[in-house]
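Enquirer: Structure provided below as structure tokens; questions to follow.
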Amino acid sequence: MIQLAIFASGSGTNAERIMQHFQSHDAIRVALVLSNNSDAYVLQRAAKFNVPSVVFNRTALNHGDVLQTLKEHKIDFLVLAGFMWLVPADLVRAYEGRIVNIHPALLPKYGGKGMYGDHVHEAVVAAGEKQTGITIHRVNERYDEGAILFQASVEVLPEDTPAEVARKVHELEYRYYPEWIEKAVVSGLPS
């Protein structure tokens, strides 16, 4: 059984969709949820699916404690789902080619440090973009610069608010992220 770990910082709506998707999967399961926020609702979502969770701080992430936890849980693949911190180099090296993230824009536009969630949707509307979407990508040592695996777009209408753009983008995330995680797992594991 291939073991996934989900990193999330907030509500965890994408994490919940991922846990639902793999709940009855015969080869892949979500084995752990990790969060840098002890108040994150994703922890309650994990409990609902009987998935163990771990809360950590920046020191634990940057000094190998999180990597050790992943090894102890025999995690094969990492999924970022609303995780706001840069993944440190040692973790990227340990899971090279086996970490994916989803970004709420069509990268390379609106990516990088500080560009997440509503900040992205506000920037898209302010720039008068005609379309936006999602980018599913591999994770490297820089924000939102890993190899792109998949993009899907939606139209941004002149009357759309950032909240309406967010709603449209969330629909894409829920539809595509779990299936692309599955594809990435199959293609990212060593043979």
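The values are calculated or read from the model by the stated rules, or taken from the named source; none is laboratory data. What you see is a predicted model, and the numbers here were worked out from it, not measured in a lab. Every residue, glycine as well, gets a Cβ built from its backbone with ideal geometry; the counts of neighbours run over all protein chains shown. Ligands, DNA and RNA are excluded from the accessible area calculation, which covers all protein heavy atoms including side chains. Shrake-Rupley method; radii C 1.70, N 1.55, O 1.52, S 1.80 Å.
Enquirer: Could you tell me whether region 123-131 includes any residue that is open to solvent by 30 Å² or more (accessible area, probe 1.4 Å), of a type in the set (Val, Ile, Thr) and at pLDDT 95 or above?
Expert: Yes, that holds for at least one residue.
Enquirer: Of all residues in region 24-47, which are touching a Lys or Arg at 6+ places or on another chain (Cβ under 8 Å) and open to solvent by 30 Å² or more (accessible area, probe 1.4 Å)?
Expert: Scanning region 24-47 gives a single hit, Asn36.
Enquirer: Then there's this: Residues in region 65-87 that are open to solvent by 20 Å² or more (accessible area, probe 1.4 Å) and over 13 Å from Ser35 (Cβ atoms): how many?
Expert: 9
Enquirer: Another question, then. Those residues that are in a loop (DSSP other than H, G, I, E, B) and either open to solvent by 30 Å² or more (accessible area, probe 1.4 Å) or within 20 Å of Gly10 (Cβ to Cβ) (or both), I need them from region 107-122; list them, please.
Expert: Selection gives Pro108, Lys109, Tyr110, Gly111, Gly112, Lys113, Gly114, Met115, Tyr116.
Enquirer: Can you pull out the residues in region 132-143 that are surrounded by fewer than 22 Cβ atoms within 10 Å (Cβ to Cβ) and within 14 Å of the chain's Cα centre (by Cα)?
Expert: Matches in region 132-143: Arg138, Asn140, Tyr143.
Enquirer: So if I check each of Asp90, Asp39, Asp26, which one is among the acidic types (Asp, Glu), in a helix (DSSP H, G or I) and out of contact with any strand residue (DSSP E or B) (no Cβ under 6 Å at 6 or more places or on another chain)?
Expert: On inspection, the qualifying residue turns out to be Asp90.
Enquirer: Quick one: which of Arg58, Arg93 is charged (D, E, K, R), at pLDDT 95 or above, open to solvent by 10 Å² or more (accessible area, probe 1.4 Å) and closer than 25 Å to Asp118 by Cβ?
Expert: Arg58
Enquirer: Considering only region 134-191, state which residues are in contact with a strand residue (DSSP E or B) (Cβ under 6 Å, 6 or more places away or on another chain), more than 18 Å from Leu78 (Cβ to Cβ) and either at pLDDT below 95 or acidic (Asp, Glu) (or both).
Expert: Result: Glu155, single match.
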